[in-house]
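K.L.:
Encoded as structure tokens, here's the structure I'll be asking about.
Derivation of every value follows stated rules applied to the coordinates shown; laboratory data play no part. Because the structure is predicted, anything quoted here is derived from the model rather than measured. Cβ atoms come from the backbone with ideal geometry, glycine included; neighbour counts cover every protein chain shown.
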Amino acid sequence: MEGTLMALLLILALGAADPGPLVIDAGADLYPADALAQKLEGDVAVKLSVSADGALRCSAPGGGAMAPLKRASCELVAARDIFPPRVEKGQAVPADYSVIVRWKLGTSNRQFGGAVPIGRAGWIRYSDYPPIAWRQVNTGKVRIAYDITAQGRPQNCRIESTNTTQALAGNMCPLFVERAIFLPALDPDGKPRPTRGWFNLDWRWCETARCPAPDTGE
């Protein structure tokens, strides 16, 4: 699980002195029936405590109108347990994680084959524009495809299609494999399983202070 821990730490460290909690984007297909009937949406703050032997304990403030989504948030994470203890001096020690499960009825995770993205906003940013491509004003779209392991890590990433240069498209897979992490998909018995996914990027020329992220959201 060391690779999972390193990916989590990397997501937390991306571009901020105070990076805040990890964000898990829960799509409409994960909604519990009662929350779906009430059309509940919003962020649920969750605290995860992992013992040195890997046992996970999840807590979220109970009660209130969001109670169905609070229960579902802990169930979502517990069923796909990928959060490891920390390692210090070669020994496993307890770890705490702050997580936000973001519930939106309009969110679809179909592109991830049943896996659930963690920290998606930090996977690939405009600041990742390769300098040579930026100098050459290269723009265009890149679609990558990859496998997702039962531990929630991408592998075997490849460019599925693109209309831009290698200077722009060529670095996308290494960045994605380094940073992306998922709650894994589940099989019919509720056990983590491997799956496949895709990710679309649209690189547009921008010289303003706040340039749009290349992630198209689909």
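K.L.:
Pick out the one residue from GLY122, GLY140, GLY114 that is surrounded by 19 or more Cβ atoms within 10 Å (Cβ to Cβ), out of contact with any Asp or Glu (no Cβ under 7 Å at 6 or more places or on another chain), at positive phi and not polar (S, T, N, Q).
P.N.:
Numbers: GLY122 fails: at positive phi; GLY140 fails: surrounded by 19 or more Cβ atoms within 10 Å (Cβ to Cβ).
Answer to the check: GLY114.
K.L.:
Another one. For the stretch 15-85, give me every one of the strands (runs of 3 or more DSSP E) that falls completely inside it and has 1 or more residues that are within 30 Å of ASP128 (Cβ to Cβ) and aliphatic (A, V, I, L, M).
P.N.:
Filter on the stretch 15-85 gives 22-26, 42-50.
K.L.:
Got a number for residues in the stretch 46-94 being farther than 20 Å from ASP29 by Cα, surrounded by 14 or more Cβ atoms within 10 Å (Cβ to Cβ) and among the basic types (Lys, Arg)?
P.N.:
2
K.L.:
Taking the condition of being under 17 Å from the mean Cα position of the chain (by Cα) and without any contact (Cβ under 8 Å) to a residue 24 or more places away in the chain, how many residues in the stretch 113-169 meet it?
P.N.:
Counting residues in the stretch 113-169 that are under 17 Å from the mean Cα position of the chain (by Cα) and without any contact (Cβ under 8 Å) to a residue 24 or more places away in the chain gives 2.
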